[in-house]
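To start, the structure itself, in structure tokens.
The values are calculated or read from the model by the stated rules, or taken from the named source; none is laboratory data. The structure displayed is predicted, hence computed values, not measured ones. Note: ideal-geometry Cβ built from the backbone for every residue, glycine included; neighbour counts use all protein chains shown. Please note that ligands, DNA and RNA were not included when accessible areas were found on the heavy atoms of the full protein model with its side chains. Shrake-Rupley method; radii C 1.70, N 1.55, O 1.52, S 1.80 Å.
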Amino acid sequence: MAEIMEFNASKDFGKLGVEFKSPDFKLKKDVLVAAIIRNDKLIIAGGNTSITEGDRVIVATSKNNRIKKLNDIFAK
């Protein structure tokens, strides 16, 4: 079972400006940042992509991950 969720990236998001290809941007298993909406433009996430404050982030994940907020997408 999967879920699609949308989060707003605020200044308390721990990885603002970190490119997805960075080792610091390690997602939990079965988590995908599917897209980002920035200034009403759709961005398909890739390695050079980063999340900035105010972005709307579309996340696909397994229900087992129990993600409640954007910071929950990261592996520990």
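Numbers below:
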read-out: For the chain: accessible area per residue (Å², 1.4 Å); value: 67
read-out: Peptides 20-31, 5-16 ordered by average Cβ neighbours within 10 Å, highest first; value: 5-16, 20-31
read-out: Dipole magnitude of the chain, debye to nearest 20 (Cβ charges: Lys/Arg +1, Asp/Glu -1, about Cα centre); value: 260
read-out: Reported label for calculated semi-axes √(5λ) of the Cα gyration tensor in Å given (1) 18, 14, 12; (2) 27, 17, 7; (3) 23, 18, 7; value: (1)
read-out: Ordering of 43-49, 60-66 by packing [mean C-beta count within 10 Å, highest first]; value: 60-66, 43-49
read-out: Lys/Arg +1, Asp/Glu -1 at C-beta; region 37-76 dipole; positive extreme among GLY54, ASN39, ASN64; value: ASN64
read-out: Local net charge near GLY54, Cβ-Cβ under 14 Å (Lys/Arg +1, Asp/Glu -1); value: -1
